[in-house]
Amino acid sequence: MLDPKYIRANADAVRQGVKNKKMDAAAVDEFLEADELWRKQTTEVDQLKALRNTVSEEISKMKRAGQDASAEITRMREVSDRIKELDVEVKELDERTQRALLLIPNLPSATVPVGDSPEDNPVIREWGTQKTFDFEPVPHWDIATNLGLVDFERGTRMSGSGFICYTGMGARLERALYSWMLDLHTTQHGYKELFPPLLVNRNSMIGTGQLPKFEFDMYRLPDDDLFLIPTAEVPVTNFYREDILDGRELPIRLTGYSSCFRREAGAAGKDTRGLLRVHEFHKVEMVKFTQPETSYAELETLTANAEAVLQGLGLTYRVVVLCTGDMSATSAKTYDLEVWAPGVQQWLEVSSCSNFEDYQARRANIRFRREPGAKPEFVHTLNGSGVALPRTFIAVVENYQQADGSVVVPEVLRPYMGGVEVLEPQK
RNA sequence: GGAGAGGUGGCUGAGUGGUCGAAAGCGGCGGUCUCGAAAACCGUUAUGGCGCAAGUCAUCCAGGGUUCGAAUCCCUGCCUCUCCGCCA
């Protein structure tokens, strides 16, 4: 969430930022209205409580001195009744402001280009060249089926459309990809590995910003009020929820592999064929907790860490910066990594690297002290995919396909594939 | 799932319904001493809200209740631990 003091003092700037994100600014006005009432009522009830505290102390003294305090007690009974009434109003107003506060999105960083849609996202760099073939490259669904890497029909039979069953060397390739990625981040990029729960509670979802707005985008278990995580960002960021970190230990870098669950309601149809968009997929995620001054520098290295995955696999990709209209509610600045897939002839998003500044830290109450004994301040949180698997799987098989239908295994993965160098068609 | 115990500040751990925002110890910070350090000694050390400020309010897991007054009493929930059962 945003700093309430900042919203009070900069209402117009906040409204403009929300509008630039193509989101509804109604919550800003709702907050301002409820907040003003809340402050008024709070002041009144605080004064009554101060009176009650001093008189209660007097009553205590009188009783110990053996004096009659019944007049004061009668008087305080009325005061307490009034406090009770006001407390109810104050609590309702407090809930109103909190609800509104949770619905106000993060503001875009000043360096983010204003725009309406993905077409307005500037490409800021490209790595590698789009591979040329002396045959017609085929899409991954044909390759995967021909090589026995994925059984699309049986995945659907088990769970429905959008659920994937990897088979044989396909399953092994999937495992090789995330194992290699985790090893890269932990041994080369300084991340500590976490293997988090895939089910999280409501407070975790509020902490990273999926709730309260996006409850129905997620798979949930209402009997237990638990949610299947849409990304490891949720549990890994919430690792430090309610904590006060030692500023001398920042930045903290965590990485984790997890399954990710997304309902993608209404997305069926185009762009969902094969592995392009699925309900359950695997992803390696990177999360950073930093001091405010360094978060944008850390965003650059985070993005570079994600790029290192694609470079290691020899995949052509480009980096775009999301314009204001294409950003998530929680992010202040986001880079997307898009990998080239020659079979489907598309740039596929495989990573989103974001700086949330203190927006998530306020929600999740993650703070740090610069020095021992110093006042706690909010950290900045960042995260990025490093990277998402299904589309990376697509890019690998489509880029490394050969005329005979086989697929060359990228060198870095071979140690994880039992030394296999080429995936051959099944007999 | 059954039975029991318990949730207090960075940690450990006291706390008769009324100077308790909370003893004590550890840890941290500052100082004395020392060439320096250790030890010892002295001091200091929760978080948040409102307010220009003085100040004031809230917080002893969470939410209700009793009371003039709740860390303390009652109810509910959550969590942790021990034992039993079940189980990958």
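Being at negative phi, crowded, with 16+ Cβ neighbours inside 10 Å and within 21 Å of the chain's Cα centre (by Cα) holds for only one residue in A:Y166, A:Y178, and it is A:Y178.
Report whether or not A:V278 is β-branched (V, I, T), out of contact with any strand residue (DSSP E or B) (no Cβ under 6 Å at 6 or more places or on another chain) and at pLDDT 85 or above. For A:V278, the condition - β-branched (V, I, T), out of contact with any strand residue (DSSP E or B) (no Cβ under 6 Å at 6 or more places or on another chain) and at pLDDT 85 or above - is met. The single condition among (1) exposed (fewer than 15 other Cβ atoms within 10 Å of the Cβ); (2) assigned to a loop (DSSP other than H, G, I, E, B) that A:R77 does not satisfy is (2). Does A:I7 satisfy being part of a helix (DSSP H, G or I), surrounded by 16 or more Cβ atoms within 10 Å (Cβ to Cβ), within 12 Å of RNA strand B (Cβ to nearest atom) and in contact (Cβ under 8 Å) with a residue 60 or more places away in the chain? When the stated conditions are applied, A:I7 passes them. Annotation for region A:116-134: no member residue is in contact with a helix residue (DSSP H, G or I) (Cβ under 7 Å, 6 or more places away or on another chain), more than 30 Å from A:A25 (Cα to Cα) and without any contact (Cβ under 8 Å) to a residue 60 or more places away in the chain. Just give me the residues in region A:59-74 being of a type in the set (A, V, I, L, M), more than 9 Å from RNA strand B (Cβ to nearest atom) and outside any helix (DSSP H, G or I), in sequence order. Within region A:59-74, A:A65 is the sole residue that qualifies. Taking the criterion of being under 16 Å from the mean Cα position of the chain (by Cα) and in a loop (DSSP other than H, G, I, E, B), the residues of region A:334-366 that qualify are A:F356, A:E357, A:D358, A:N365, A:I366.
Just need a number here: residues in region A:22-58 that are among the charged types (D, E, K, R) and either more than 7 Å from RNA strand B (Cβ to nearest atom) or touching a residue at least 60 places away in the same chain (Cβ under 8 Å) (or both).
10
The values are calculated or read from the model by the stated rules, or taken from the named source; none is laboratory data. What you see is a predicted model; the values in this text were computed from it and never measured. Reconstructed Cβ throughout: ideal geometry from the backbone, glycine too, with neighbour counts over all protein chains shown.
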